[in-house]
Amino acid sequence: QVQLVESGGGTVQAGGSLRLSCAASGRTFNGYWVGWFRQAPGKEREFVAAIRWNPGHTYYADSVKGRFVITGDKTEQTVSLQMNGLKPEDTAVYYCAADRGLITSSYSNGALYDYWGRGTQVTVPS
């Protein structure tokens, strides 16, 4: 069982920035897919961004492309989500997820990720 921990959530005004971080306790992300998903009240969980640790390819939902950046830190063994130009519609609980057996075409399918963190709240007031 992989234990994932998210951090960095909070409340920011529209147009502001936040940086989320995900770490796996007692393990490294080497060989894994790591994804960020979010879920707003009354809404279904949706894909935000993902990274394939090797070779480091990144993928984004159209709604965040150009505003969010997912990166892997090999020194700290963490995956970050830099969120810029935040909008009220970005308000949600953000979850980190990881899996070792995904194929490229399935990176946005949360049902295929085996390991999940408990989430961190991001709030952007209207």
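The average projected area of the chain, computed from the convex hull of its Cα atoms over all directions, is 7.2 nm². For region 73-125, the Cα gyration tensor yields ellipsoid semi-axes of 23, 15, 11 Å (square root of five times each eigenvalue, largest first, whole Å). Go ahead and run the numbers for FRET between residue 104 and residue 46, Cβ-Cβ distance against an R0 of 22 Å, rounding to 0.05. It comes out at approximately 0.70. Leaving out ligands, DNA and RNA, what percent of the accessible area of the chain is carbon and sulfur, probe 1.4 Å? Of all accessible area on the chain, carbon and sulfur atoms account for 45 percent.
Hey, got the dipole for the chain? About the Cα centre, +1 on K and R Cβ, -1 on D and E Cβ, debye to the nearest 20? Present the calculation step by step, with values, prior to reporting the outcome.
On the way: 12 positive and 10 negative charges, 20 e Å.
It comes to approximately 100 debye.
Computed with every protein chain present, the accessible area of residue 120 is close to 20 Å² [probe 1.4 Å].
Normalised by the number of residues in region 14-126, the mean separation of alpha-carbon contacts (under 8 Å, six or more apart) gives a relative contact order of 32 percent.
According to the Kirkwood relation over distinct C-alpha pairs, the hydrodynamic radius of region 1-71 is 13.7 Å.
The values are calculated or read from the model by the stated rules, or taken from the named source; none is laboratory data. Bear in mind the structure is a predicted one, so any value in this text is a computation, not a measurement. So basically every Cβ, Gly included, is an ideal-geometry build from the backbone, and we count neighbours across all protein chains shown. Keep in mind that these areas ignore ligands, DNA and RNA; they rest on the heavy atoms of the full protein, side chains included. Shrake-Rupley method; radii C 1.70, N 1.55, O 1.52, S 1.80 Å.
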